[in-house]
Amino acid sequence: MKVAIIKYNAGNLFSVDYALKRLGIVPVITADKEELLGADKIIFPGVGEAETTMKHLHANGLDRLIRDLKQPVLGICLGMQLLCRHSEEGDTDCLGIFNAGVKRFQPHRHEEKVPHMGWNTLTGTCSPLFKGFGKDEYVYFVHSYYVPVNECTAAVTDYIHPFSAALHKDNFYATQFHPEKSGQTGERILKNFLDL
């Protein structure tokens, strides 16, 4: 199986690479159109800022390429947000795969820190990514922006208010949390994605 990680100005390419290698997969990290189109599975990771990243994707033709992908694609963190329609971060138009807007957390109480950082559970899981999941599965988040619950929501986490911890539409899957940093639970999510 050929797995490609989309190479762009994102911060967590190598932790995703390492997580896949632990599962016995040696991915290719690439921005090459032919390599991406020829991959069986594609991971679109991300730690960074929406406006700058969308400019980079647009300048390199990766925005059109990602929209046209037909194989399973997994967006992670910023990767998930960029698959949405629009982000409040830099008032940025994104890729529009998911018809949802990305909003900034607005804390109401002193203890509600932004960024949301740490381990949380998932509820309402309804995607092949979560096959074999029990009730109290913890995953690791670090983010200041969130996607509200919508028709593509595939898992929910509650921090300040409920939000989409994962999305799914057609061949596009996405997680707001970092499976590559979520221990055995995250490994199982990556394995479920590879088994699609």
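Of the numbered conditions (1) surrounded by 20 or more Cβ atoms within 10 Å (Cβ to Cβ); (2) under 14 Å from the mean Cα position of the chain (by Cα); (3) not hydrophobic (A, V, I, L, M, F, W, C), Pro27 fails exactly one; give the number of that condition.
Tallying (1) surrounded by 20 or more Cβ atoms within 10 Å (Cβ to Cβ); (2) under 14 Å from the mean Cα position of the chain (by Cα); (3) not hydrophobic (A, V, I, L, M, F, W, C), Pro27 fails exactly one: (2).
Report yes if Glu187 is under 17 Å from Ile76 (Cβ atoms) and of a type in the set (D, E, K, R), otherwise no.
So Glu187 fits the description; yes.
Could you figure out which of (1) open to solvent by less than 70 Å² (accessible area, probe 1.4 Å); (2) not in a loop (DSSP other than H, G, I, E, B); (3) not basic (Lys, Arg) isn't true of Asp158?
All conditions are met except number (1).
Could you say whether any residue in the stretch 95-104 is in contact with a strand residue (DSSP E or B) (Cβ under 9 Å, 6 or more places away or on another chain), open to solvent by 30 Å² or more (accessible area, probe 1.4 Å) and more than 22 Å from Tyr173 (Cβ to Cβ)?
Yes - at least one qualifying residue is present in the stretch 95-104.
What number of residues within the stretch 81-92 are surrounded by 21 or more Cβ atoms within 10 Å (Cβ to Cβ) and in a strand (DSSP E or B)?
Qualifying residue count for the region: 2.
Just to be sure before I move on: is Asp40 open to solvent by 70 Å² or more (accessible area, probe 1.4 Å) and within 26 Å of Glu151 (Cβ to Cβ) in the structure I sent?
no
Please work out which one of (1) touching a residue at least 40 places away in the same chain (Cβ under 8 Å); (2) closer than 18 Å to Thr53 by Cα; (3) surrounded by fewer than 15 Cβ atoms within 10 Å (Cβ to Cβ) is the condition Val147 fails and give its number.
That leaves (3) as the condition not met.
Matching residues to (1) among the β-branched types (Val, Ile, Thr); (2) open to solvent by 60 Å² or more (accessible area, probe 1.4 Å); (3) assigned to a strand (DSSP E or B):
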| residue | (1), (2), (3) |
| --- | --- |
| Val16 | yes, no, no |
| Glu34 | no, yes, no |
| Lys70 | no, yes, no |
| Gly79 | no, no, no |
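Please find, within the stretch 107-119, the residue that is farthest from Val47 (Cα to Cα) out of those that are at pLDDT 95 or above and open to solvent by 70 Å² or more (accessible area, probe 1.4 Å).
The qualifying residue farthest from Val47 (Cα to Cα) is Trp119.
Just checking, how many residues over the stretch 41-56 are assigned to a helix (DSSP H, G or I) and of a type outside the set (S, T, N, Q)?
So the answer is 5.
Going through Phe163, Phe141, Phe133 one at a time, which residue ends up being over 23 Å from Ala39 (Cβ atoms) and either assigned to a helix (DSSP H, G or I) or open to solvent by 10 Å² or more (accessible area, probe 1.4 Å) (or both)? Let's see the steps before the verdict.
Values: Phe163 fails: either assigned to a helix (DSSP H, G or I) or open to solvent by 10 Å² or more (accessible area, probe 1.4 Å) (or both); Phe141 fails: either assigned to a helix (DSSP H, G or I) or open to solvent by 10 Å² or more (accessible area, probe 1.4 Å) (or both).
Unique residue meeting the criteria: Phe133.
Which numbered condition trips up Gly75, out of (1) part of a loop (DSSP other than H, G, I, E, B); (2) surrounded by 21 or more Cβ atoms within 10 Å (Cβ to Cβ)?
With (1) part of a loop (DSSP other than H, G, I, E, B); (2) surrounded by 21 or more Cβ atoms within 10 Å (Cβ to Cβ) applied to Gly75, the lone miss is (1).
Does the stretch 169-184 hold any residues that are surrounded by fewer than 19 Cβ atoms within 10 Å (Cβ to Cβ) and in a strand (DSSP E or B), and which are they?
Lys169
The values are calculated or read from the model by the stated rules, or taken from the named source; none is laboratory data. Since this is a predicted model, take the numbers as computed values, not measurements. Cβ coordinates were reconstructed from backbone atoms using ideal geometry, including for glycine residues, and neighbour counts include every protein chain displayed. Ligands, DNA and RNA are stripped out before the accessible areas are found, and what is left, the full protein with its side chains, is counted by its heavy atoms. Shrake-Rupley method; radii C 1.70, N 1.55, O 1.52, S 1.80 Å.
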